[in-house]
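**Q** Structure incoming, see below.
The values are calculated or read from the model by the stated rules, or taken from the named source; none is laboratory data. These figures come from a predicted structure and were not determined experimentally. Cβ: placed from backbone, ideal geometry, glycine included. Neighbour counts: every protein chain shown.
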Amino acid sequence: MSRRATAAATARAAATVAVVVAAAALAACVPEPAATTSQQAPVIGGTPTTDGEYPAVGALWLGFGVGCTGTLIRPDVVLTAAHCLDPAFIGDEIPGFTLDGDPNAGVPVVVPGRATARHELFQLDVELQPGPQQFYDVGLVFLAQPITTVEPMTMATPAEAAAALAPGLAIELVGYGITDEQTGAAGIKTSAVADLVTFSDSELQISTPGQPQNCNGDSGGPGIADLGAGPRLVGIVSRSADVQPGCAAGGIDTRVDYYLGWIEDRVDGPCPSGCTDAGAPDAAPDAAGPDAGPAPDASDPGVDGDGAGCCSAGDGSASGAGSALLLAALVLGRMRRRRAAAR
């Protein structure tokens, strides 16, 4: 291999490591020592939500406690990030879901999950650049029983998003995670407000340095905005904006409206009642709208032409070297929460 080719391969490998470590940082749940004062200063501290505030937002519950964040979009369906459901993070476990604002304060009410779905084109070990692009970081948890005590969150439509998304739009951030790096306090539903910075067809960049922003433990949580007809779920927390560990440069959310067709296909199609060993619904996205970009190819890893793999009960699979790195980052990563009071 030539010197130039070797250098290029090294650069690609470094970029892949940065992506998976950044993704791990957002979902990691193992604290390490606090960051420096200069890193903490702009946004540390949080505002816990009150009873009845953001009632459809809850925490994914794993064997060790709170994992990622998610939003109830149907009585028995939770929308979250694909990487929160990847076997590299959760093995073969299916997360449960709790709406408790402080599930660590006692015995939380947890509705068990019965199946999960990740976008068929999502892969952990891909090379990403800073800022919005396309990562397919969208997933669903199907619950064993419906939650009927709260109204599910309304998702933004492509028409609503096209008419209202613009830099400077106020985005409400909601999630669970460490609220104090010094004490390690964690697991409380917290909210803040930040600005929409820019966006692509499939992703949003939210928050600038010094503003409140999502960080470790907030993966899968919602970005909520009033697009003219009331609050709408517009984003799903994915990763840091600069594809680096840390939470000072803003974050990237998956655009809900772009993947709305994919979501509705899985929710309204055979997926909710068909997540069995017999298979799952067709993996091809609805061609009628801008839901999931290019249709999956049966040659792509994890995509079966007959739809097998849309839903899983935790297949325990991994996706190459990236998954190994991600798993290590999950164990070793620092869980930090950088969330300030709404301005």
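**Q** Going through the stretch 204-218 one residue at a time, which ones are at pLDDT 90 or above and crowded, with 24+ Cβ neighbours inside 10 Å?
**A** Looking only at the stretch 204-218, we keep the residues that are at pLDDT 90 or above, and these are 204-207.
Residues satisfying the conditions are Leu204, Ile206, Ser207.
**Q** Determine, yes or no, whether Glu160 is of a type outside the set (Lys, Arg) and either at pLDDT 95 or above or within 18 Å of Tyr259 (Cβ to Cβ) (or both). If you could, list the steps in order and put the result at the bottom.
**A** On the way: of a type outside the set (Lys, Arg): yes; either at pLDDT 95 or above or within 18 Å of Tyr259 (Cβ to Cβ) (or both): yes.
When the stated conditions are applied, Glu160 passes them.
**Q** May I pose another question? Report every pair of residues separated by at least 6 positions or lying on different chains whose Cβ atoms are under 7 Å apart, first residue within the stretch 133-148 and closer than 13 Å to Asp86 by Cβ and among the charged types (D, E, K, R), second surrounded by fewer than 21 Cβ atoms within 10 Å (Cβ to Cβ) and at pLDDT 95 or above.
**A** Asp137/Phe122
**Q** Do we have any residue at all in the stretch 155-169 that's among the polar types (S, T, N, Q), surrounded by fewer than 17 Cβ atoms within 10 Å (Cβ to Cβ) and in contact (Cβ under 8 Å) with a residue 24 or more places away in the chain? Don't jump to the end; show me each part of the working.
**A** Quick first cut of the stretch 155-169, residues among the polar types (S, T, N, Q) only: 157.
The next check asks that each one be surrounded by fewer than 17 Cβ atoms within 10 Å (Cβ to Cβ); those that pass are 157.
Restricting the remaining residues to those that are in contact (Cβ under 8 Å) with a residue 24 or more places away in the chain gives 157.
Yes: the stretch 155-169 contains one or more residues that are among the polar types (S, T, N, Q), surrounded by fewer than 17 Cβ atoms within 10 Å (Cβ to Cβ) and in contact (Cβ under 8 Å) with a residue 24 or more places away in the chain.
**Q** Of all residues in the stretch 52-67, which are of a type in the set (Gly, Ala, Ser), in contact (Cβ under 8 Å) with a residue 24 or more places away in the chain and not in a strand (DSSP E or B)? Quick ask: steps written out before the conclusion?
**A** First, the residues of the stretch 52-67 that are of a type in the set (Gly, Ala, Ser): 52, 56, 58-59, 63, 65, 67.
Next cut, in contact (Cβ under 8 Å) with a residue 24 or more places away in the chain only: 56, 58-59, 63, 65, 67.
Of everything in the stretch 52-67, those that are of a type in the set (Gly, Ala, Ser), in contact (Cβ under 8 Å) with a residue 24 or more places away in the chain and not in a strand (DSSP E or B) turn out to be Ala56, Gly63.
**Q** If we scan the stretch 154-166, do we find a residue that is farther than 19 Å from Leu233 by Cβ and assigned to a loop (DSSP other than H, G, I, E, B)?
**A** No, that holds for no residue.
**Q** So is Pro272 over 16 Å from Leu165 (Cβ atoms), at pLDDT below 90, of a type outside the set (D, E, K, R) and touching a Pro at 6+ places or on another chain (Cβ under 9 Å) or not? Working first, answer last.
**A** Working: over 16 Å from Leu165 (Cβ atoms): yes; at pLDDT below 90: yes; of a type outside the set (D, E, K, R): yes; touching a Pro at 6+ places or on another chain (Cβ under 9 Å): no.
No.
**Q** Please work out if Gly131 is surrounded by fewer than 21 Cβ atoms within 10 Å (Cβ to Cβ) and on the phi > 0 side of the Ramachandran plot. Write out each step before concluding.
**A** Working: surrounded by fewer than 21 Cβ atoms within 10 Å (Cβ to Cβ): yes; on the phi > 0 side of the Ramachandran plot: yes.
Yes: the conditions hold for Gly131.
**Q** Return the residues of the stretch 107-127 that are surrounded by 20 or more Cβ atoms within 10 Å (Cβ to Cβ) and among the hydrophobic types (A, V, I, L, M, F, W, C); say none if nothing qualifies.
**A** Once the filter is applied, which keeps residues that are surrounded by 20 or more Cβ atoms within 10 Å (Cβ to Cβ) and among the hydrophobic types (A, V, I, L, M, F, W, C), the stretch 107-127 yields Val111, Ala115, Ala117, Leu121, Phe122, Leu124.
Yes or no, residue by residue, for (1) at pLDDT 95 or above; (2) more than 18 Å from Val256 (Cα to Cα); (3) aromatic (Phe, Trp, Tyr); (4) in contact with an Asp or Glu (Cβ under 9 Å, 6 or more places away or on another chain):
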{"residue": "Glu127", "(1), (2), (3), (4)": "no, yes, no, no"}
{"residue": "Thr154", "(1), (2), (3), (4)": "yes, no, no, no"}
{"residue": "Pro167", "(1), (2), (3), (4)": "yes, no, no, yes"}
{"residue": "Val174", "(1), (2), (3), (4)": "no, no, no, yes"}
{"residue": "Ile188", "(1), (2), (3), (4)": "no, yes, no, yes"}
{"residue": "Ala192", "(1), (2), (3), (4)": "no, yes, no, yes"}
